[in-house]
1. Residues that are of a type outside the set (Val, Ile, Thr), crowded, with 21+ Cβ neighbours inside 10 Å and over 25 Å from GLY373 (Cβ atoms): does the stretch 442-453 have at least one?
2. Which condition from (1) in contact (Cβ under 8 Å) with a residue 60 or more places away in the chain; (2) touching a Ser or Thr at 6+ places or on another chain (Cβ under 6 Å); (3) part of a helix (DSSP H, G or I) is the one that ALA462 breaks?
3. Being more than 19 Å from THR472 (Cα to Cα) and within 21 Å of the chain's Cα centre (by Cα): is that true of THR68 here?
4. Could you say whether any residue in the stretch 130-146 is more than 33 Å from the chain's Cα centre (by Cα) and touching a residue at least 60 places away in the same chain (Cβ under 8 Å)?
5. How many residues, within the stretch 256-271, are buried (at least 20 other Cβ atoms within 10 Å of the Cβ) and at pLDDT below 95?
6. Given the residues ALA560, ALA571, which is the only one that is in contact with a strand residue (DSSP E or B) (Cβ under 8 Å, 6 or more places away or on another chain) and of a type in the set (A, V, I, L, M, F, W, C)?
7. Grab the helices (runs of 4 or more DSSP H) fully contained in the stretch 1-105, keeping just those with 2 or more residues being modelled with pLDDT of 95 or more, more than 30 Å from TYR326 (Cα to Cα) and not basic (Lys, Arg).
Amino acid sequence: MAEKKTYYITTAIAYTSGKPHIGNTYEAILADAIARFKRKEGYDVFFQTGTDEHGQKIEEKAKAAGVTPQKFVDDVAGVIKGIWDLVGTSYDKFMRTTDPEHEKQVAAIFKKFFEQGDIYKGYYEGLYCTPCESFWTESQLVEGKCPDCGREVKPAKEEAYFFKMGKYADRLIEHIEKHPEFIQPVSRKNEMMNNFLKKGLQDLCVSRTTFKWGIPVDFDNKHVVYVWLDALTNYITGLGYDIGGNHAENYKKYWPADLHLIGKDILRFHTIYWPIFLMALGEPLPKQVFGHPWLLQGDGKMSKSKGNVIYADDLARLYGVDAVRYFVLHEMPFDNDGQITWELVTERFNTDLANVLGNLVSRTVAMIGKYFGGTVVRSLPQNEEGVDGEFKATVTAAAEKVQKKADELRIADALTEIFTVFRRANKYIDETMPWALAKDESKKARLNDVLYNLSEAIQIGASLLDSFMPETSEKIFTAFGGKTRSLEESSKFALPESVSVTAIPPLFQRLDFKALEPEIEKIREAQKAEYEASQAPAPAPEAKAEETEKAPEITIDDFAKVQLRVGEIIACEKVPKSSKLLHETVKFGNEIRSVVSGIAKHYSPEELVGKKVVFVTNLAPRTVCGVLSEGMILAAEDEDGTLSLVTPDKAELKSGASLG
């Protein structure tokens, strides 16, 4: 017997700063669907996911919570793992970067890089912007201030180790050009090549001295290994990579990875830094990195303060796990961002799951039970009527189409092909009208054939669906007394001699959104209460704290000099020369202006389009990173770095409205 082909798939490891929302959970569900389908294709699959647990942010959050960093990440990792389990992810390993073996190998990798001349000690020096955590040169400043956020900068210096990225850049460019499938979608590949690699790579900081919660550099204990060298290596340490060459069997068997599935926002780290680290180790590169799009909240950025964060466990409680899986897999385009709202989930639940699939299964099972006592027999080819041939052809053609889409990672399109089978089966019911055939005893054989054909279509569809909605498929096979079929079997019609059905509860019953609204409102209010509690001031320390320096008082005449107007953002894009700047095109009544804002870390361009925000509109125009800025966006930021734009509380307020 031939040995199975292997397939190693990973997700990005989730950062343990808090509970992941549905946009984060989508990646785990997508990876699971791909892993399950590969198993169906006959691959020996290893599916790894996990958590990223080091860093300054974790250290600070743990301190604020009054626990050790290890206790903090243990708790959050447990939450993340629980959600991954809830949504049915069939991972083979849940990796944690605090695992002792991982930490041991990372420290050894760092030392190896240093000894072979890939890492050197240096320091950051320049004018430091604390909120942006960025160093700048004098020439980069705008009017003497941070070019990203406009705040004051101060001279600063920090010792760090750096990795010589440029040493391997040409090799990486050559690899990408020879392997066009390496970065997907193609638009992401072009972005990496044109915006980063071909412009020249700067050396990468790979250690820090300003915090302690990280893997120590064993030959220089002032330093800890900085995030990406720690996090990215999980893909090999999780398989049992050993710096001395004594690799575990899983590493020998599954590396290189067939697919790193990640969000598009961390593509640079996975397609530039990670391959270069592997080149420096002398290890093969992964075969493909797919940067999937984002699942965005329909009415803007998810925020607990707004009560609009959507979590997988809340969705599963109201709609069921498979409905959640269906929505996120079906609604996410291949290379464009998707949208999620409670209303959209309810609508898709009713139209696709309740009407198309649930109703089809219920009707078919009920008719077989009513007209034939629960059992129908295989129809004979000579009994086939005009509509049957096209119906069967549509059903049996689906397996090849689904496989093609799934292999291209076009999972939404694969689901569409499966539901084409179910929709065609509903149409077949309308065409053949079983209820009318049942009234004529001479049509009983034809009625049997129709119901048998429907049972076959449903079971073939369920076999194709089982990678994406496993619980639902299992329920369908319970109803029809069958079992899931291989892809080859799914391309053939009329396999069983007979089908005996068992009545089951409805798969999906239509939901009234108005009936769900009170529960959704409870979720929103709970989030707001949690946010408000987190913002409550800490008890005053016993020692007298130094008072915060107050801003100088101003008169009403001073304030009147500032012109504040409501602007509607009609277009937005990233500023090419900066990772922190966004360029907004803003409508103020009949006037259109260009504004540059240092908020790219907090908002994506897609989130801002359509928003109405307050702007200062009588600042002198200036050019920031080559882009004209004719105003300043207003935002509030708390001590934790959470930033929120200042927006009018009435959506109907027209753009151009003045404040005062």
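The values are calculated or read from the model by the stated rules, or taken from the named source; none is laboratory data. As the structure is a prediction and not an experimental result, all values here were calculated from the model. Here Cβ is always computed from backbone atoms with ideal geometry, including for glycine, and neighbour counts include all displayed protein chains.
1. No: the stretch 442-453 contains no residue that is of a type outside the set (Val, Ile, Thr), crowded, with 21+ Cβ neighbours inside 10 Å and over 25 Å from GLY373 (Cβ atoms).
2. (1)
3. On the way: more than 19 Å from THR472 (Cα to Cα): yes; within 21 Å of the chain's Cα centre (by Cα): no.
No, not satisfied.
4. Pass one, the stretch 130-146, residues more than 33 Å from the chain's Cα centre (by Cα): 137-145.
Subsequent filtering for residues that are touching a residue at least 60 places away in the same chain (Cβ under 8 Å) retains 142-143.
Yes, because at least one residue in the stretch 130-146 is more than 33 Å from the chain's Cα centre (by Cα) and touching a residue at least 60 places away in the same chain (Cβ under 8 Å).
5. Number of matching residues: 1.
6. Step by step, each of ALA560, ALA571 is checked, and only ALA571 is in contact with a strand residue (DSSP E or B) (Cβ under 8 Å, 6 or more places away or on another chain) and of a type in the set (A, V, I, L, M, F, W, C).
7. On the way: elements: 22-40, 56-65, 69-86.
Passing ranges, in order: 69-86.
Residue-wise test of (1) assigned to a helix (DSSP H, G or I); (2) outside the structural domain of THR394 (by TED's automatic domain parsing); (3) over 31 Å from the mean Cα position of the chain (by Cα).
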| position | (1), (2), (3) |
| --- | --- |
| LYS475 | yes, no, no |
| GLN509 | no, yes, no |
| ALA515 | yes, yes, no |
| GLU521 | yes, yes, no |
| ARG524 | yes, yes, no |
| LYS528 | yes, yes, no |
